[in-house]
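Some notes on the structure that comes next.
The values are calculated or read from the model by the stated rules, or taken from the named source; none is laboratory data. The structure presented is a predicted model; accordingly, all values stated were derived computationally and were not measured. Cβ placement follows ideal geometry from the backbone for every residue including glycine, while neighbour counts extend to all protein chains displayed.
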Number of protein chains: 2
Amino acid sequence: MTNSSEVPAPTLQVIPLGGMGEIGKNIFAYRYGDEIMIVDGGLAFPKAHQMGIDLIIPRIDYLIENQSLIKGWILTHGHEDHIGALPYLFPRLPRVPVYGAGLTLGLVREKLSEFGIKDGDVDLREIHMGDKVQIGQHFGVEFIRMTHSIPDNAGYILTTPAGRVVHTGDFKLDEHPSDGQLSDLERIEQAGKDGVLLLISDSTNAERPGRTLSEQEIAENLEQVIANSRGRVFLTTFASNVHRIQNVINIAKRQGRRVVMEGRSMVKYAQVAQDLGYMEFPEPLLTSEEVGELQDQQILFVCTGSQGQPMAVLGRLAFGTHAKIALRRGDTVVLSSNPIPGNEDAVNLIVNRLYEIGVDVIYPPSYRIHASGHASQEELATVLNLARPKFFLPWHGEPRHQINHAKLAQTLPRPPKRTLIAKNGDIVTLGPDEFRVSGTVPAGAVYVDGLGVGDVGDDVILDRVNLSQEGMVILTAALHPTPHVEVVTRGFSHPNRELDNQIRRVALEAVENGMREKRRLEDVRDDMYGAVRRFVRKATGRNPVLIPMIVD
Amino acid sequence: MTNSSEVPAPTLQVIPLGGMGEIGKNIFAYRYGDEIMIVDGGLAFPKAHQMGIDLIIPRIDYLIENQSLIKGWILTHGHEDHIGALPYLFPRLPRVPVYGAGLTLGLVREKLSEFGIKDGDVDLREIHMGDKVQIGQHFGVEFIRMTHSIPDNAGYILTTPAGRVVHTGDFKLDEHPSDGQLSDLERIEQAGKDGVLLLISDSTNAERPGRTLSEQEIAENLEQVIANSRGRVFLTTFASNVHRIQNVINIAKRQGRRVVMEGRSMVKYAQVAQDLGYMEFPEPLLTSEEVGELQDQQILFVCTGSQGQPMAVLGRLAFGTHAKIALRRGDTVVLSSNPIPGNEDAVNLIVNRLYEIGVDVIYPPSYRIHASGHASQEELATVLNLARPKFFLPWHGEPRHQINHAKLAQTLPRPPKRTLIAKNGDIVTLGPDEFRVSGTVPAGAVYVDGLGVGDVGDDVILDRVNLSQEGMVILTAALHPTPHVEVVTRGFSHPNRELDNQIRRVALEAVENGMREKRRLEDVRDDMYGAVRRFVRKATGRNPVLIPMIVD
């Protein structure tokens, strides 16, 4: 670990604390001299083996240690993996100006208020695309519009004494964006002409050839799917995909369907988007009770649950546990989404349940009704060609995405002079002729579980994994009046009195031997543990978590 | 449940006990009058939520109850989901003739010997494609070759007094099979002309348009990939894909590479296949020690681990834990496979590790080096068109696959008169003008966990899931000499003495109150449980599994 005070003045440091080598919990710091600027503050969702964890936020020891140096914070857009950790991070860091576009800040405000953080505790400052802001003495930030799956998505051009950085943020190059506002490639091209020291670009889809579908094509295909539906339509997509949902609302209007919106997050995003002018309802939304009077072909539900969450609206509809609505033959369910990696099984379960109910189920790839928000290879190449960076940092991706992005860059007419595959915690040091990892700072995952932040670590997770595999056996030996042992199991096997008795006998024998030999209680406990462990393994082929206790 | 003795004589029953509405544990019974014939006996692998389970076998109560009626058993091919449960099923059922092709029986023998089941205990009878066998009085079975991802794969035409059944078995229509032996479509066409009462066909890929790639195209692409590799090549695929592995061995020979085979299942399949003449080594295999003397570009490893199993060869190579071999820059790792649904995360983890090591990683879809063994829509249509069945039973698929298969059939020039979407346990009754579910028999999953078969059920799994989510807290209250409580936790949080003390105080207060009021011990225990549960939920936002015990 490099001590921060040793940094020579004229180099710029890029220090990713999340989002490098992974997709999720994006946050990084720029440092120049004794000034730090932060970008984003996102969360990640746990993988299957991170059992019981609610969400994951980045470790920010570096920022806390150097908090007096933090001069400002910029936010690229309102997705959870870019702003979701802010309610956990803001209270631990000083109040500095936080810049972001209208919808982004609207979503941040909503989130902070859920956590009881007051408006006055944070210094949110709205920017518009094209705005330039100065952060500290050394960071000039120009926000540039980049198309993505949420409105008001920004990249930026950062001007520092060490040189110019272009950071795409999350993006795709949609040539037919729903709001008519294209990515600001002119600014990237101009920066390329002026000289770009470093490009930091979105690697999510670096393995996908060609171009990502335009939102317009998705809308056209959805229009057709909905037109072909004869009964009620239930459509699910990502709640944050404001343009998609607006398009669906417009389609409903054209086709004489009234819209019902169901699901907490869907309603919340729509509320914020409508309040700030990013969404418009040509007709008032109805409630599920109100549409009871309409004919089936006049009804369209927009609902949560595209990722197979059993408690979201689509999940409850599929399992027949929704309090007010029941699916029936003749309904059409449209999944305008793909499962995020890790959610495949959950989505598959729900799709199968929908088929069993007998509704029509419409989803990709048979229907082209979802597009990623991230650029494919040709779009990535366009940005690389325009920015002509000297150095290149593939970001927002797992190693496979970062490395394929790096390889793609090498195939272009003007490849970067050097590309680094960075990890979270790397100090990437940049000068006119310098581009290297010069040290590391602490970085990693902090687990949020219930009200606990950081009190569950990988050791606790490992216990959970062990408990999940073969359950547990608790042995309680009481020594008085005469030694006896109780056996309690969970997740081990069906109630099996004979096996319990055998375990009890094995344990008791160990205890009695130990007492006869006047061994120490810890040793007796260990003997009991060892004897039962061997017996259980031999009798059942299993290794449950064994918890031996002796009550004296 | 229909009592089996009530069945009227002239109908045929098809009774799936596994493989209907799911992909896995294929087995079904035909019944005509008082004769039963069984097809296959496969296992399924657990889903993520079936924690700790090793594998799943079908419930066969129906066969056990009616065991005196069983006249014979036929096996379509040697994949685990068709023969993997046999060592569990054979010992519980009478010894009857079991018919299968050479490789299929070879793999069954291998499996039985692993379980210590003697050759004499089973009556395995080898058939060749085209053979006809008579089972009981009523079942005439003609085995027909169907191409698939394992050699010696059979469908069959079943002749019964009620009519003719064509069962495709697992299949694709490979027009360029590696062994030159095509699917026997002539026999299906002839059956279609003679009249097919029922078609039972493989639904796995019923959602995929077009045709499944031929094994020949895979071999050509692999040849090119290996030719482009300058260092050592490590190739993984399914161990049972004998043709693929033979092709790789041939490619190695042509390109001057010697082959090392690593991994228990890979070696086992190769051994059986070679012994029976299904695989040929133009040069002897080498060991990983022996290739030490060769140059890197003269070496090709064929290894296990294509599904991301951490303990298989590729897993150990990726995590650097293989005892003898270490990957290094310049090596090429080829995944000639796709992740089976549910294995995506595990494979992704390994792919990322390989990138981090710096080896070249080659996998689909960027490279077309894997093909499914199952027919896509055009091939499914060909079989439907040739067989012209009166009735249709889409099989070997989840509801989404079965229903899309049914829909596909309806689009054809001569659609079946009726299609049923059956479930495991359905009694599908067939007559000249009858095709319906006339009742059900018990069916479902039996979990195998360690040495236990069936002693872990969904209740035990639910305990495991609960333990995995937020761990557990054990409260042991001893009443003498004065009441005191011990708290033990696992998977709950980092060691937290203060929280433990608080829990202890809450528990002790409940116990002391209960004793003062002279309540019954069960009630005191419940009080302690309730008080701690409320406290923990409020203090941590979690609901661990709480286990209260009172030692008097």
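Results, tabulated for the structure shown:
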| item | result |
| --- | --- |
| Only one of A:179, A:152 that is in a loop (DSSP other than H, G, I, E, B), closer than 30 Å to residue A:211 by Cα and modelled with pLDDT under 95 | A:179 |
| Search result, residues across the range A:365-386 that are among the hydrophobic types (A, V, I, L, M, F, W, C), surrounded by 23 or more Cβ atoms within 10 Å (Cβ to Cβ) and out of contact with any Asp or Glu (no Cβ under 8 Å at 6 or more places or on another chain) | A:369, A:383, A:384 |
| Among residues of the range B:512-528, those that are within 14 Å of chain A (Cβ to nearest Cβ) and surrounded by 17 or more Cβ atoms within 10 Å (Cβ to Cβ), counted | 1 |
| Qualifying residue in the range B:370-382 (condition: within 11 Å of chain A (Cβ to nearest Cβ) and either in contact (Cβ under 8 Å) with a residue 40 or more places away in the chain or not hydroxyl-bearing (Ser, Thr, Tyr) (or both)) | yes |
| Tally of residues being buried (at least 17 other Cβ atoms within 10 Å of the Cβ) and among the β-branched types (Val, Ile, Thr) across the range B:430-464 | 6 |
| Unmet criterion (only one of (1) at positive phi; (2) in a helix (DSSP H, G or I)) for residue B:130 | (2) |
| Members of the range A:70-95 found to be crowded, with 18+ Cβ neighbours inside 10 Å, in contact with a strand residue (DSSP E or B) (Cβ under 6 Å, 6 or more places away or on another chain) and of a type outside the set (Phe, Trp, Tyr), listed by number | A:70, A:71, A:72, A:74, A:75, A:76, A:85 |
| Verdict on residue B:461 being within 19 Å of residue A:543 (Cα to Cα), touching a Phe, Trp or Tyr at 6+ places or on another chain (Cβ under 8 Å) and either in a helix (DSSP H, G or I) or away from every other protein chain (no Cβ under 11 Å) (or both) | yes |
| Of residues in the range A:166-207 being in contact (Cβ under 8 Å) with a residue 60 or more places away in the chain and among the polar types (S, T, N, Q), the one farthest from residue A:416 (Cα to Cα) | A:178 |
| Among (1) touching a Phe, Trp or Tyr at 6+ places or on another chain (Cβ under 9 Å); (2) over 30 Å from residue B:346 (Cβ atoms); (3) part of a loop (DSSP other than H, G, I, E, B) - the single one residue A:95 does not satisfy | (1) |
| Residue A:389 vs. criteria part of a loop (DSSP other than H, G, I, E, B), touching a strand residue (DSSP E or B) at 6+ places or on another chain (Cβ under 9 Å), within 14 Å of another protein chain (Cβ to nearest Cβ) and modelled with pLDDT of 95 or more | no |
| Members of the range A:466-494 that are facing chain B (nearest Cβ under 7 Å), among the hydrophobic types (A, V, I, L, M, F, W, C) and surrounded by fewer than 21 Cβ atoms within 10 Å (Cβ to Cβ) | A:478, A:488 |
| Qualifying positions in the range B:429-459 - within 18 Å of the chain's Cα centre (by Cα) and free of Cβ contacts under 8 Å to residues at least 40 places away in the same chain | B:454 |
| Residue satisfying all of: in the range A:447-458; outside any strand (DSSP E or B) and among the acidic types (Asp, Glu); farthest from the other protein chains (Cβ to nearest Cβ) among these | A:458 |
| Residue in the range A:342-349 that is surrounded by 16 or more Cβ atoms within 10 Å (Cβ to Cβ), at pLDDT below 95 and more than 27 Å from the chain's Cα centre (by Cα) present | no |
| Residue in the range B:412-433 that is nearest to residue B:543 (Cα to Cα), counting only those that are outside any loop (DSSP other than H, G, I, E, B) and modelled with pLDDT of 95 or more | B:426 |
| Matching residues in the range A:488-533 - criterion: being among the hydroxyl-bearing types (Ser, Thr, Tyr) and touching a Gly at 6+ places or on another chain (Cβ under 8 Å) | A:489, A:493 |
| Filter result for residue B:257 (farther than 22 Å from residue B:157 by Cβ and surrounded by fewer than 22 Cβ atoms within 10 Å (Cβ to Cβ)) | no |
